[in-house]
Amino acid sequence: MLQRQLQSGWGMTVAALAVALLTCLELSFEQWRLLVTAGLLMTIIMLYHKRLRHFVLLPSCIAFASGLLLIIMRLSGGSIA
């Protein structure tokens, strides 16, 4: 039981690190939108794949964190940095 909880924690940690590294690249709003769309599409594909189903948190968490970043960007009226 504890191992399953740690697996989901690692999935969220890796996704958060990926978004943090992508933030350093100073992507435009349109590029972030494409990243969110790609993450959502990868999530759907991974749900139906037998082996990749266990890693479904990675693209979905990246899409979620990127979506939150897009909301912050839109509300602040500019870029991230």
Query - Rule-of-thumb Rg ratio for region 2-76 [Cα; 2.2 N^0.38 Å; N residues] - result: 1.15
Query raised in the report: Loop-only check: which trypsin sites (Lys or Arg not before Pro) in region 11-70 are DSSP coil with at most 13 other Cβ within 10 angstrom?
Result: LYS50, ARG51
Report summary line: Least to most buried among LEU17, LEU75, by other C-beta atoms within 10 Å and fewest first, runs LEU75, LEU17
Query - Contact order normalised by residue count of region 2-76, Cα under 8 Å, 6+ apart, percent - result: 42
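Quick note: the coordinates plus some simple rules give every number you see, no bench work behind them. Just so it is clear, the model here is predicted, and its values are computed rather than measured. Positions of Cβ are backbone-derived with ideal geometry, glycine not excepted, and every protein chain shown enters the neighbour counts.
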